[in-house]
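Enquirer: What follows is a single structure, and I will ask about it in a moment.
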Amino acid sequence: MTQESDRMKQNAAESAVSEIKTGMIVGLGSGSTAAFATKALGKRVQEGLQVVGIGTSTQTEAQAKAAGIPLTTLDEHPEIDVTIDGADEVERGPLNLIKGYGGALLREKIVASATKRLIIIADESKLVERLGTNHVVPVEVVPFGWRMAARRIEKLGGEARLRVTPDGSAYVTDGGHYILNCGFGLIQEPGSLAKELDHIVGVVEHGLFIGMASEVRLGGAESVNILYPGRGQSA
């Protein structure tokens, strides 16, 4: 199943990377699916494609450098042409997302907000009718007073648990923050929940990406389906 899933991810990644043209500023996502895209883009760069990338995590930056992709920063290029990233869940219809399982949700959202076209790549298992079907919502918080933020989240109906490393210590993001894994069950109104989380003091960012995806490319075993917000799919 892992081999089949990887093939689906690779199909979606290669489909998205085929959209990249010389001269583009490209946002490079984080996570296992986005890694396929970075690898595919690196291959095209070696073949002569001229682009520069902006990584969404230190891990992605290291992978991009190893693949020969030149890197830049948002300070130098505040507007990104295309970002290719993965998602933990994709809501059918509006294409709202849950992201952040890999811990890079803050930089991922900053890059996504600066991009003209956000292409989400995933295997078919990530498409759900309601967000919260298979994944909790990661919420990035400052370490100081994180329990207070957790209590506020619980008042919204969530179950907030501190993300920890295998040795039991708190997981720390690239930005030096903690992550609360917050279970809300099936999320009926993700836009409203996102706004509530935005107003909690101590919350740096959360993994609800509302109305940000330009399209979603779902990799199957033999083909890729392209979904657009509210407009279904095309083969």
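Read the figures in this text as sums done on the coordinates, not as results from a lab. Remember, predicted model here, so these are calculated numbers, not experimental data. So basically every Cβ, Gly included, is an ideal-geometry build from the backbone, and we count neighbours across all protein chains shown.
Enquirer: Give the value in nm², to one decimal: projected area of the alpha carbon convex hull of the chain, averaged over all directions.
Expert: Approximately 12.8 nm², given one-decimal rounding.
Enquirer: Taking 1 over the mean of 1/r across every pair of different Cα atoms in region 148-235, what Kirkwood radius in Å do you get? Let's see the in-between values first.
Expert: Values: mean 1/r = 0.0642 Å⁻¹.
Hydrodynamic radius (Kirkwood, Cα pairs) of region 148-235 is 15.6 Å.
Enquirer: Taking the Cα centre of region 137-203 as origin, work out the dipole magnitude from +1 charges on Lys and Arg Cβ and -1 charges on Asp and Glu Cβ, in debye rounded to 20.
Expert: Once rounded to the nearest 20, the dipole reads 220 debye.
Enquirer: Which of Met148, Met8 comes first, and how do the rest follow, when ranked by fewest Cβ neighbours within 10 Å? Working shown, then result.
Expert: Details: Met148 13, Met8 24.
Ascending Cβ contact count within 10 Å gives the list Met148, Met8.
Enquirer: Here's a follow-up. When Thr173, Thr165 are ordered from fewest to most other Cβ atoms inside 10 Å of their Cβ, what list results?
Expert: In order of increasing Cβ crowding within 10 Å: Thr165, Thr173.
Enquirer: Hey, another quick one. Nearest 500 deg cm²/dmol is fine: what mean residue ellipticity at 222 nm does the chain get from its DSSP H runs of n ≥ 4 alone, each adding -39,500 (n - 2.57), divided by its residue count?
Expert: After summing the helix terms and dividing by the residues of the chain, the value is -9000 deg cm²/dmol.
Enquirer: Please list, in chain and number order, the residues 5+ apart from Gly55 or on another chain whose amide H is under 5 Å from its amide H, with Hs placed from the backbone.
Expert: Close amide H contacts, sequence-distant or interchain: Leu28, Thr72.
Enquirer: Could you check which residue among Gly86, Gly55, Gly158 shows the biggest mean-square fluctuation in a GNM of the chain with a 10 Å Cα cutoff?
Expert: Result: Gly158 has the largest fluctuation of those listed.
Enquirer: As a footprinting exposure proxy, order Ile119, Ile25 by other Cβ within 10 Å, with the fewest listed first.
Expert: Lowest count first: Ile25, Ile119.
Enquirer: Right, another one. Among the DSSP beta bridges whose two residues both lie in the chain, what percent are antiparallel, rounded to the nearest 5?
Expert: On the way: 23 of 43 bridges.
Bridges in the chain that DSSP calls antiparallel: roughly 55 percent.
Enquirer: Still on this structure, I have one more. Roughly how many debye, to the nearest 20, is the charge dipole of the chain about its Cα centre, given +1 on each Lys and Arg Cβ, -1 on each Asp and Glu Cβ, and no other charges?
Expert: Taking the Cα centre of the chain as origin, the dipole is about 160 debye.
Enquirer: Given springs between every Cα pair under 10 Å in a Gaussian network model of the chain, which of Ile69, Ile187, Ile120 has the largest fluctuation?
Expert: Highest fluctuation of the listed residues: Ile187.
Enquirer: May I pose another question? For region 54-107, with only Lys/Arg (+1) and Asp/Glu (-1) charged at the beta-carbon, what is the dipole magnitude about the Cα centre, in debye rounded to 20?
Expert: For this selection, approximately 180 debye.
Enquirer: Still on this structure, I have one more. Could you tally the net charge around Arg163, taking each other residue with its Cβ under 15 Å from the Cβ of Arg163, Lys/Arg +1 and Asp/Glu -1? Kindly include the intermediate steps, with their values, before the conclusion.
Expert: Numbers: positive: Lys99, Arg147, Arg161; negative: Asp88, Glu140, Glu159, Asp167, Asp174, Glu205.
Computed value for this residue: -3.
Enquirer: Run through every distinct alpha carbon pair of region 1-127 and return the Kirkwood hydrodynamic radius in angstroms, one decimal place.
Expert: Result for region 1-127, one decimal place: 14.3 Å.
Enquirer: In addition: What's the angle, to the nearest 10 degrees (0 to 90), between helix 2-17's Cα axis and the longest principal axis of the chain?
Expert: Orientation of helix 2-17: about 70 degrees from the principal axis.
Enquirer: Note the angle between two axes, namely the Cα long axis of helix 32-46 and the longest principal axis of the Cα atoms of the chain, as a number of degrees from 0 to 90, rounded to the nearest 10.
Expert: So the inclination is approximately 30 degrees.
Enquirer: Between the helical axis of 146-155 and the dominant principal axis of the chain, each derived from Cα atoms, what acute angle in degrees is found, rounded to the nearest 10?
Expert: 80
Enquirer: While we're on this one: Would you give the gap between the C-alpha center of region 163-193 and the C-alpha center of region 10-36, rounded to a whole Å?
Expert: Here the two parts' Cα centres lie 26 Å apart.
Enquirer: Go ahead and set up a Gaussian network model of the chain, Cα springs under 10 Å, then flag whichever of Leu105, Leu127, Leu186 fluctuates most.
Expert: Leu186
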